[in-house]
Amino acid sequence: MNHEMYNIGKIVNTHGIRGEVKVVRISDFEERFAVGNQVFVVKDKAEPVALTIAAHRIHKGFDLLQFEDYANINDVEHFKGSYLKISEEQLTELDSDEYYYHEIIGCDVVTASGESLGVIKEILSPGANDVWVVKRPKEKDLLIPYIDDVVKEVSIQDKKVVIEPMEGLLD
């Protein structure tokens, strides 16, 4: 069972006596913790344990989760310090024009006319749309707004992004 697993949170503590655990969220998707979803608890090198979320609430900035069949603090005590992960198959609920950060970072950026601009090194989320930061050789970073007018094609397979630079973008 060696599928890629992705971190969505870390269990930092138990909460109360009814089997709730306190999670620091790593994922950018709230609905990961929807009731009925399956997550995996992974501690160090142990085999992942599949759990089903029975309840989710937010308390003082932490996500509090309860798992089906784990109704007591003693059942979850040993999960402390573990990571919550999801399998690669569970990554599929994205819309066709949405991507995971880890898929975009490291992509080469070329213009529609074939000019190579650089590599995406980080993603900023300042507001309505993400901004992809492109590291260029010997020049300052380029900021590309992730909007349809600019980003024309994203190929995760080829790690390549084709953009149509707007007026002034490359100056």
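Could you list which residues have their amide H under 5 Å from that of residue 37, counting only those 5 or more apart in sequence or on another chain, with H placed in the peptide plane?
53
When 1/r is averaged over all different Cα pairs and the result inverted, which Kirkwood radius in Å belongs to the range 5-93?
Final number for the Kirkwood radius of the range 5-93 is 12.7 Å.
To the nearest 20 debye, what is the magnitude of the charge dipole of the chain about its Cα centre, counting +1 on the Cβ of each Lys and Arg and -1 on the Cβ of each Asp and Glu?
I would put it at about 980 debye.
Per DSSP helix of 4 or more residues, -39500 (n - 2.57); summed, then divided by the residues of the chain. What does that give at 222 nm, rounded to the nearest 500?
Value at 222 nm, helices only: -500 deg cm²/dmol.
Take the Cα atoms of the chain, find their three principal axes, and give me the spread along each one in whole Å, biggest first.
Principal-axis extents of the Cα atoms in the chain, largest first: 60, 35, 29 Å.
Can you give me the long-range amide H partners of residue 122? Hydrogens built in the peptide plane at 1.01 Å from N, cutoff under 5 Å, separation of 5 or more residues or another chain.
Amide H to amide H, under 5 Å and 5 or more residues apart or across chains, residue 122 pairs with 133.
Over the Cα atoms of the range 93-171, what Rg and Dmax result, in angstrom?
11.7, 39
Which of the trypsin sites (Lys or Arg not before Pro) found in the range 101-147 are loop residues per DSSP with 15 or fewer other Cβ atoms within 10 Å of their Cβ?
For trypsin sites (Lys or Arg not before Pro) across the range 101-147 that sit outside H, G, I, E and B with at most 15 neighbouring Cβ atoms in 10 Å, the list reads 138, 140.
Computed from the coordinates by the stated procedures, all read-outs in this text should not be read as laboratory data. Note that this is a predicted model, so its numbers are computed, not measured. Ideal geometry is used to build each Cβ from the backbone, glycine not excepted, and the neighbour counts take in all protein chains shown.
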